[in-house]
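Q: Could you have a look at this structure, given as structure tokens, before my questions?
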Amino acid sequence: MKYDIYFHNDFDGRAAAAVMLNFLRQRGDDIAHFTPVNYELKPQWESADFFLRHKLFKEKRYPAIVVDFLYHPGAVIWLDHHPTTFNAFPRAARAFASKKFRVAGDGGFQHWGAAYPSCCGQALEELRRHFGYRPPKHIQELAKWLDVIDHAQYASPQQPIRMKEPALQLDWFIEATAGKTREAERMVISLAEKPMAEIAGMSRVARVLRGVRKQIKTSLAYYKKAMRVRGRIAVIDLTSGKHYRLRFAPYYLHPGLSYAMSFVKHGKTFSLGWGSNPWHRPKDGIHIGEFLRRYGGGGHGVAGGAELSSRRAVQKAVEEIVEYVNSKNSK
């Protein structure tokens, strides 16, 4: 049987899709279309017949699989670990609150796993538990690293910047090629079939990584110059498109910070990212994902994002977040 798979356009989304692809091929099934999705799609996603009417591709539609992205009742297989995944379908939140794993029609299933550090790890464990999936060694290694990357469990702020490990190299490669749908498909297939070290050594990947290393160096210099520390939170404007979003550079430069926030421009929308310091976690009770719901975004307790329609809207959100963070007392 063939499926279409929709996955969040980041490393965890691709990795979760790779686990699903590896599992499906073990049982004789396959994927017809690989489609990365992001949160600017949310207004269309809320349509009950989204999978039949969307224009992300034109070919024949197959049953939908969704991983690491917002809940949709039309998905025959759905896996996500974000606490804010039910924004568009709040009634489903009550159902999944009492029963995390639900069997769907046509041999499908749906699972909400907010306790999992990554959707990749969630997919591996739930497929193994309920369907006897036997993940090969390279898939187990992939899930181990995605738990580190997606939950920011790095040894230090320098580790993701230095990117010595193949997993971190691929994370940067995916960041650098996020707008290329064909590359997203190639990466999912590669992750399903090969160890990360082998993928990182491929000529097309190594070529991009050489440029990434240079760009990280110039971006870090820009952070030192342009980042503004405002009380317990640092803010940086990356809308020029000339510099990378270095999520952990603020804590490398100012270890005592509680939070960091950045915003970039993608086409006509502005993407805001906000996270807390993994090495100095604030204890102020702020749930970032829940707070960002007011801007149409979401995420986890310690990190999240939102897509806004204008510079004015993103600047207003930044000011509100800065004020809110500094009004809370971190103990």
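Q: So which of R204, R228, R213 is within 30 Å of A317 (Cβ to Cβ) and of a type outside the set (S, T, N, Q)?
A: R228
A quick yes/no check of all residues on (1) surrounded by fewer than 20 Cβ atoms within 10 Å (Cβ to Cβ); (2) farther than 29 Å from L168 by Cα; (3) in contact (Cβ under 8 Å) with a residue 12 or more places away in the chain:
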{"residue": "F7", "(1), (2), (3)": "no, no, yes"}
{"residue": "D12", "(1), (2), (3)": "no, no, yes"}
{"residue": "A17", "(1), (2), (3)": "no, no, yes"}
{"residue": "N22", "(1), (2), (3)": "no, no, yes"}
{"residue": "A32", "(1), (2), (3)": "yes, no, yes"}
{"residue": "N38", "(1), (2), (3)": "yes, no, yes"}
{"residue": "K42", "(1), (2), (3)": "yes, no, yes"}
{"residue": "A48", "(1), (2), (3)": "yes, yes, yes"}
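Q: Of all residues in segment 53-102, how many are aromatic (F, W, Y) and part of a loop (DSSP other than H, G, I, E, B)? Break it down into steps so the answer makes sense when it comes.
A: Within segment 53-102, the first condition is being aromatic (F, W, Y), and the residues that meet it are 57, 62, 69, 71, 78, 86, 89, 96, 101.
Within this subset, residues satisfying the condition of being part of a loop (DSSP other than H, G, I, E, B) are 57, 62, 69, 71, 86, 89.
Qualifying residue count for the region: 6.
Q: Continuing with the same structure: Scan segment 1-39 for residues that are assigned to a strand (DSSP E or B), of a type outside the set (D, E) and either under 19 Å from the mean Cα position of the chain (by Cα) or within 19 Å of H111 (Cβ to Cβ) (or both) and jot them down.
A: Y3, I5, Y6, F7, H8, I31, F34, T35, P36, V37
Q: Still on this structure, please answer the following. Limited to segment 147-194, what total is found for residues that are touching a Leu at 6+ places or on another chain (Cβ under 7 Å) and basic (K, R)?
A: 0
Q: Return the pairs, sorted by first residue and then second, in which the second residue is part of a loop (DSSP other than H, G, I, E, B) and of a type in the set (S, T, Y), the first residue lies in segment 171-187 and is within 12 Å of R204 (Cα to Cα) and touching a residue at least 60 places away in the same chain (Cβ under 8 Å), the beta carbons are less than 9 Å apart, and the residues are 6+ apart or on different chains.
A: Short answer, once both residue conditions are applied: M187/T177.
Q: Contact list please: Cβ distance under 7 Å, first residue in segment 76-93 and closer than 15 Å to Y116 by Cβ, second residue part of a strand (DSSP E or B) and of a type in the set (F, W, Y), pairs at least six apart or on different chains.
A: Close Cβ pairs (under 7 Å, with a partner that is part of a strand (DSSP E or B) and of a type in the set (F, W, Y)) amount to D80/W112; T85/W112.
Q: I'd like the full set of residues that are of a type in the set (A, V, I, L, M) and either modelled with pLDDT of 95 or more or within 21 Å of the chain's Cα centre (by Cα) (or both), limited to segment 45-75.
A: Residues satisfying the conditions are L56, A64, I65, V66, V67, L70, A75.
Q: Report every pair of residues separated by at least 6 positions or lying on different chains whose Cβ atoms are under 8 Å apart, first residue within segment 132-159 and under 19 Å from L220 (Cβ atoms), second of a type in the set (V, I, T).
A: Within 8 Å, the pairs are A152/V302; Y154/V148.
Q: Only residues in segment 286-313 that are charged (D, E, K, R) count as the first member; pair them with residues that are in a helix (DSSP H, G or I), Cβ under 7 angstrom, at least 6 apart or cross-chain, and list the lot.
A: Correct list of pairs: E307/Y39; E307/E40.
Q: Suppose we keep only residues that are at pLDDT below 95 and of a type outside the set (S, T, N, Q) within segment 231-245. Which one would you say is nearest to the chain's Cα centre (by Cα)?
A: R245
Q: Got at least one residue in segment 214-237 being touching a Gly at 6+ places or on another chain (Cβ under 7 Å), touching a residue at least 40 places away in the same chain (Cβ under 8 Å) and on the phi < 0 side of the Ramachandran plot?
A: no
Q: Looking at Y259, Y295, Y252, which one is under 20 Å from W172 (Cβ atoms) and crowded, with 16+ Cβ neighbours inside 10 Å?
A: That would be Y252, the only listed residue that is under 20 Å from W172 (Cβ atoms) and crowded, with 16+ Cβ neighbours inside 10 Å.
The values are calculated or read from the model by the stated rules, or taken from the named source; none is laboratory data. None of the values given here were measured: they were computed from a predicted structure. In this analysis, Cβ positions are derived from the backbone assuming ideal geometry, glycine residues included, and neighbour counts consider all displayed protein chains.
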